[in-house]
Amino acid sequence: MDRRNFLKLAGCMPLASLSGVAVATAPANASYRNLLILIELKGGNDGLNTLVPYADPAYYALRPKLAIARDHVVQLTDAVGLHPALEPLLATWKNRELAVLQGIGYPEPNLSHFRSIEIWDTASKSDQYLQDGWLTRTFAVAPTPKEFAADGVIVGSPDLGPLAGAGTRAIALANTEQFLRQARLAAAEGTARNKSLQHILKVEGDILRAAAHLNADHPFETEFPEGAFGNAIKTASQIVANQSGVAVVRVTLPGFDTHSGQPNTQARLLGELGRGVIALKSALTELGRWNDSLILTYAEFGRRPRENLSNGTDHGTASVHFALGGRVAGGLYGAQPALDRLSGDGNPAHAIDFRSVYATVLERWWGVAPAGPLGGRFLTLPIIRA
């Protein structure tokens, strides 16, 4: 019986991969004390109604029903502004702690949910198929410190995404309390002559050790939003509070595949995102981690600029994403979509390759050479202050 099957049968956690092989210390120039928090906007968030080009007449021509009225936009500049549900983020913009990355995408984009998120998770070319996630490859060449509780923790999804593949110490869980409660079902590691039983006992020990390290039980003063995403943010904050450390936490906010009824759905989801991010900022500040935390949003793709006939939008290409943190150099990066120069299938060209964002994380945030994990060289973005 292999480890993954044992974990499923034992029910010790929702899903886990605790290979325990990344035990060497990181290279001297790697700084995994800088935390990465990924927020996946699952389903493909509509970038045009997230960062609204309210001064562009083409936007209103393409979206006679879905466009956000100019007087409702949370203005950032004289050309663009945020969806009104994202008003909680305005303070981070004014403090220059919010970077807005316009036109994130990649060449020859794929509009399949499954394939496109696979491209994002593995940092592959559109016609390239890789097994390991980009973070798994990163930790293979620059391992996290052995005292870390895990390389990374996935919250709110069973999919390991960028942490998938062999060799990474990754844990996926719905919430910290459930994980710890179920982990107690595993007996302490013992000894056995049978090799298969020895393996099972080692897995049990891995679970117990990981559970103990993640059990921060920090009494936050921060008020976390109610609901599934608010609970995920609370769980992520408790994970960050553990003294052993992790390099990355990913939280998932699902529901962005808005083919119909987009206005209410996206407003609700962006409201959850805005309130959740601000609660996360508060929790990180309480922990003294805001200045060494980098929050990044991502999704498999955006939506088409032209609205459809169902009061929604269909699968598109480039979209907008956010970077937040105490050392983020706030402002606008990339370029607004040229809505008067769309492709034959009605999509804008990308302005920033998503692998440039990853290269920035590796080189400027962690001090890891990005060419190996990313399979090539990509321009980094000046979104991080020294």
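The values are calculated or read from the model by the stated rules, or taken from the named source; none is laboratory data. Keep in mind that this is a model prediction, so the values were computed, not measured. When we count neighbours, we look across all protein chains shown, and the Cβ atoms used for this are built from the backbone with ideal geometry, even at glycine. The accessibility values were calculated without ligands, DNA or RNA, using every heavy atom of the protein model including side chains. Shrake-Rupley method; radii C 1.70, N 1.55, O 1.52, S 1.80 Å.
Annotation: amide H of residue 308 within the under-5 Å range of 313, 314, sequence separation 5 or more or interchain, hydrogens built in the peptide plane. Residues whose amide H lies under 5 Å from that of residue 303, counting only those 5 or more places away or on a different chain, are 47, 48, 316, 317; hydrogens are built 1.01 Å from N in the peptide plane. Label point of residue 111 set 7 angstrom out along Cα-Cβ; within the range 330-365, amide nitrogens under 15 Å from it belong to 342-350. The residues of the range 59-183 expose on average 40 square angstrom of accessible surface per residue, using a 1.4 Å probe on protein heavy atoms. Express in whole angstrom the spacing between the alpha-carbon centres of the range 112-139 and the range 364-381. Taking the Cα centre of the range 364-381 as reference, the centre of the range 112-139 is 15 Å away. Obtain the nm distance between the two label points defined at residue 129 and residue 308 by a simple spin-label model: each point lies 7 Å from its Cα along the Cα-to-C-beta direction. In this crude label model, residue 129 to residue 308 measures out at 2.7 nm.
Rounded, prolate or oblate: which one fits the range 252-309, using the alpha carbon gyration tensor with axes a ≥ b ≥ c (rounded when a/c is under 1.5, else prolate when a/b beats b/c, else oblate)? Since a/c reaches 1.5 and a/b is larger than b/c, the shape of the range 252-309 is classed as prolate. Each peptide in 315-324, 376-385, 270-279 receives the mean, over its residues, of other Cβ atoms within 10 Å, and ordering these scores from highest gives 315-324, 270-279, 376-385.
For the range 229-370, the square roots a ≥ b ≥ c of the C-alpha gyration tensor eigenvalues yield an a/c of 1.5 or more together with a/b not exceeding b/c, which makes the shape oblate.
Using alpha carbon centroids, what distance separates the range 31-48 and the range 315-341, in Å? So the two Cα centres are separated by 13 Å. Normalised by the number of residues in the range 272-386, the average gap of Cα pairs under 8 Å and 6 or more apart makes the relative contact order 21 percent. Atom-type composition of the exposed protein surface of the range 29-167 places 54 percent of the accessible area on carbon and sulfur (1.4 angstrom probe). Residue 78 exposes around 130 Å² of accessible area when a 1.4 Å probe is run over every protein chain in place. Sorted largest first by accessible area at a 1.4 angstrom probe radius, with every protein chain in place, the residues 341, 250 fall in the order 341, 250.
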